[in-house]
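I have placed the structure first, in the form of structure tokens, so that the comments after it can refer back to it.
The values are calculated or read from the model by the stated rules, or taken from the named source; none is laboratory data. Model, not experiment: these values are computed from the prediction. Note that we place each Cβ from the backbone using ideal geometry, even for glycine, and neighbour counts take in every protein chain shown. To get the accessible areas, we keep the full protein, side chains included, count just its heavy atoms, and leave off ligands, DNA and RNA. Shrake-Rupley method; radii C 1.70, N 1.55, O 1.52, S 1.80 Å.
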Amino acid sequence: KKGTARIYETLNVKCQPVAINSGFVWPKNQSLSANKTITVSILKPINSGLNKEDFLNILENNIYSELDKMH
């Protein structure tokens, strides 16, 4: 998370958030099963210029909101 904020701040460009539900499809420490569908959602870009805290809050809220819809 901190690395993402540093890259965002250093490059001063928009961030393109992506939500992926592979953690729900293949939970940690469980056996993998075939024929599962993973969904990838491309979310609305976050404009440059926010401070690190605001950026991370928006990023986390957007991704977790989308994951809640997928689950």
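Could you say whether any residue in region 33-42 is free of Cβ contacts under 8 Å to residues at least 12 places away in the same chain, of a type outside the set (S, T, N, Q) and in a loop (DSSP other than H, G, I, E, B)? For region 33-42, residues free of Cβ contacts under 8 Å to residues at least 12 places away in the same chain, of a type outside the set (S, T, N, Q) and in a loop (DSSP other than H, G, I, E, B): present. Criterion first (of a type in the set (Ser, Thr, Tyr), out of contact with any strand residue (DSSP E or B) (no Cβ under 8 Å at 6 or more places or on another chain) and without any contact (Cβ under 8 Å) to a residue 40 or more places away in the chain) does residue 22 satisfy it? Against the criterion (of a type in the set (Ser, Thr, Tyr), out of contact with any strand residue (DSSP E or B) (no Cβ under 8 Å at 6 or more places or on another chain) and without any contact (Cβ under 8 Å) to a residue 40 or more places away in the chain), residue 22 qualifies.
Take the residues in region 1-30 that are of a type in the set (Val, Ile, Thr) and outside any helix (DSSP H, G or I), then tell me which one is surrounded by the most Cβ atoms within 10 Å (Cβ to Cβ). Of everything passing the filter in region 1-30, 20 is surrounded by the most Cβ atoms within 10 Å (Cβ to Cβ). Which of the residues that make up region 31-50 are closer than 18 Å to residue 2 by Cα and open to solvent by 80 Å² or more (accessible area, probe 1.4 Å)? The one that is closer than 18 Å to residue 2 by Cα and open to solvent by 80 Å² or more (accessible area, probe 1.4 Å): 47. Going by the conditions given, is residue 38 hydrophobic (A, V, I, L, M, F, W, C) and in contact with a Phe, Trp or Tyr (Cβ under 9 Å, 6 or more places away or on another chain)? Yes, satisfied.
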